[in-house]
Amino acid sequence: MKTFHYYIDGRFEDGEARFDSVDPSTGEVWANMPEARTADTDRAVKAADRALNDAAWRGLTAAARGKLLYRLGDLIEQNASDLADLETQDTGKIVRETKAQIAYVAEYYRYFAGLADKIEGRVVPVDKKDMDATTHNEPIGVVAAIVPWNSQLFLSAVKIAPAIAAGCTVVLKASEEAPAPLLAFAKLVHEAGFPPGVINIITGFGAECGRVLTSHPLVARVAFTGGPETARHVVRNTADNFAHLTLELGGKSPVMVFDDADLDSAANAIIASIFAATGQSCVAGSRLLIQRGVYDDLLARIVEKAKRIRIGVPSDFATEMGPLATRQQRDKIERVVAESLEAGATLITGGAVPQDMPQKGNYYLPTILDCRNTSASALTEELFGPVLAVSVFDDEDDAVAQANSTRFGLASGLFTRDIGRTSRMVKRIRAGIVWVNTYRVIAPSMPFGGYGDTGYGREGGVASIYDYLRTKSVWIYTSDEPIGDPFVMR
Ligand code: NDP
């Protein structure tokens, strides 16, 4: 069995307590993890606070911070394969996805490395004589970064990289469901040469470690990715420390296909949108809305492709869909599929556990439900699994009404060859991302985030670095004339 450590103040530690981690493809314990409770979480924050004010970090130039981030990006690229193997083992995400995704994470560190020395203040014209007025951007302080178990190297990169580029220090809490890749990543942070305490990586359970971290008086900003229920706790926690907050929560993203779309291309994108990562992706296109004229044709193409998806063990490069990360996750999916069938949905394919896979693993078949004219919960509830809820629409108004009938608003997909319609629809869709004739494309330079229950704030892109800065207004009186006595009338 493998043993992991966490990383506080430049040292690898055993943890206040320890717990076992389960391999989701076999259901067997494969590793033993450290668990931060109140004392170690507090120590990690204090280490980050000390580092923030220490000359070893504060005294570095912005360009030097950028160089450290470049080095970290290079180390991620060099170690991507090993990190991917760990993520595959701990989360069950298939190796062909983890290898590609983690190699790309290096680009996020490089992007923000390049931004580190491009943060400028302003000289502000003011209506006062003999006064220099300038604004300075300062690091906001200690950042608490919290990520869920899925795509965790990517989700932590969009928090750590801008925070470090801005001159902040960080305590990252990895999800207790699958902390291995982030605990291994801590070794790369160490190797890159960041001063002790600048980046601390711990894991622990949300109820204690997460609560202590997000309400800690020395934390100035919380960057959170997870579900809306947990986010409500985090919002309450930050009432204690008034920390700034970014929330990247879930989604129930609609993909709309119009009669004039390239149906083959759309079918491939739809399959990737919902069945990649076994549907455990915040941007999963879990609601498919098809215009009536192509409903049967498109549905037939998708069903045919879904049935051909190769389910297998995540470490096999031939596998196209692996298990779900946890048994609770699969239980929830089984419940919602059953409820949806009771509410009138029709099962087109899937809807069951595959019989030819290890039964202690959390496998579930690619599932398509025809939810036309129903209020099936598969249409509204975020499932975080391989379940596609399909519905029909007649025209643009109908498509917009159905697409926007969700409390979430993260991503959306639009398939049409009509440029006028594209422009009209883009303006009307209530989602932070609109992918037109494509899906699931990301880049470090593009903002990522949503509306409504998806939370607030955007990660990625130039503007996101300002979340980790605060403005200081500086007034300098430039005259040699002394300031007059305020109580003498002139
Ligand atoms: P959770 O909300 O359960 O957990 C997210 C993180 O919050 C975990 O590290 C968890 O720790 C921690 N946490 C739990 N309780 C608290 C607390 N009281 N205070 C502070 N932190 C706490 O999400 P899941 O791990 O189940 O991830 C799935 C969710 O994440 C889905 O809703 C998905 O849509 C969303 N997500 C959103 C993305 C986006 O960018 N919009 C991207 C990816 C996922 P622990 O695990 O130890 O309990």
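The values are calculated or read from the model by the stated rules, or taken from the named source; none is laboratory data. Nothing here was measured: the structure is a model prediction, and the numbers come from that model. All Cβ positions, even for glycine, are placed from backbone atoms using ideal geometry, and neighbour counts span all protein chains on display.
Check whether at least one residue in segment 188-210 is in contact with an Asp or Glu (Cβ under 7 Å, 6 or more places away or on another chain), in the same structural domain as residue 58 (by TED's automatic domain parsing), within 8 Å of the ligand (Cβ to nearest atom) and not in a strand (DSSP E or B), and report yes or no. Yes; the residues of segment 188-210 include at least one that is in contact with an Asp or Glu (Cβ under 7 Å, 6 or more places away or on another chain), in the same structural domain as residue 58 (by TED's automatic domain parsing), within 8 Å of the ligand (Cβ to nearest atom) and not in a strand (DSSP E or B). Taken over segment 399-420, the criterion of being surrounded by fewer than 16 Cβ atoms within 10 Å (Cβ to Cβ) and either in contact (Cβ under 8 Å) with a residue 24 or more places away in the chain or closer than 17 Å to residue 290 by Cα (or both) is satisfied by 401, 405, 407, 417, 418.
Scan segment 259-278 and give yes if some residue there is at positive phi and of a type in the set (S, T, N, Q), otherwise no. Yes, that holds for at least one residue. With respect to the conditions (1) touching a strand residue (DSSP E or B) at 6+ places or on another chain (Cβ under 6 Å); (2) among the aliphatic types (A, V, I, L, M); (3) buried (at least 21 other Cβ atoms within 10 Å of the Cβ), residue 348 lacks only one, and its number is (3). Taking every residue in segment 110-128 that is more than 24 Å from residue 72 (Cβ to Cβ) and pairing it with any residue that is modelled with pLDDT of 95 or more and hydrophobic (A, V, I, L, M, F, W, C), at least 6 positions away or on another chain, the pairs with Cβ-Cβ distances below 6 Å are 124/133; 126/133.
For a quick check of your reading: which strands (runs of 3 or more DSSP E) sit entirely within segment 353-460 and have at least 2 residues that are in the same structural domain as residue 163 (by TED's automatic domain parsing), among the charged types (D, E, K, R) and touching a Ser or Thr at 6+ places or on another chain (Cβ under 7 Å)?
Details: elements: 367-370, 387-393, 413-415.
Filter on segment 353-460 gives an empty set.
Within segment 199-258, the set of residues being of a type in the set (Phe, Trp, Tyr) and farther than 15 Å from residue 147 by Cβ comprises 242, 258.
Checking each residue of segment 158-179 against the condition of being under 14 Å from the mean Cα position of the chain (by Cα), near the ligand (Cβ under 7 Å from one of its atoms), under 23 Å from residue 465 (Cα atoms) and in a helix (DSSP H, G or I) gives no match.
Would you check which residues across segment 108-157 are surrounded by fewer than 22 Cβ atoms within 10 Å (Cβ to Cβ) and part of a strand (DSSP E or B) and list them? 122, 123, 131, 132, 133, 134, 135, 136, 137, 138, listed by residue number. The residue of segment 218-251 that is surrounded by the most Cβ atoms within 10 Å (Cβ to Cβ), among those that are farther than 17 Å from residue 464 by Cα and of a type in the set (Ser, Thr, Tyr), is 238. Applying the criterion of being touching a Lys or Arg at 6+ places or on another chain (Cβ under 7 Å) and over 24 Å from residue 112 (Cβ atoms) to the residues of segment 414-460, the residue that is nearest to the ligand (Cβ to nearest atom) is 453. Residues of segment 454-485 that are free of Cβ contacts under 8 Å to residues at least 60 places away in the same chain and over 19 Å from residue 162 (Cα atoms): 480, 482, 483, 484, 485.
Which of the following residues is within 15 Å of the chain's Cα centre (by Cα), within 12 Å of the ligand (Cβ to nearest atom) and within 26 Å of residue 53 (Cβ to Cβ): 182, 155?
On the way: 155 fails: within 26 Å of residue 53 (Cβ to Cβ).
Criteria check complete, one pass: 182.
The requirement of being modelled with pLDDT of 95 or more, touching a helix residue (DSSP H, G or I) at 6+ places or on another chain (Cβ under 7 Å) and within 20 Å of residue 296 (Cβ to Cβ) is fulfilled somewhere in segment 415-424, by at least one residue.
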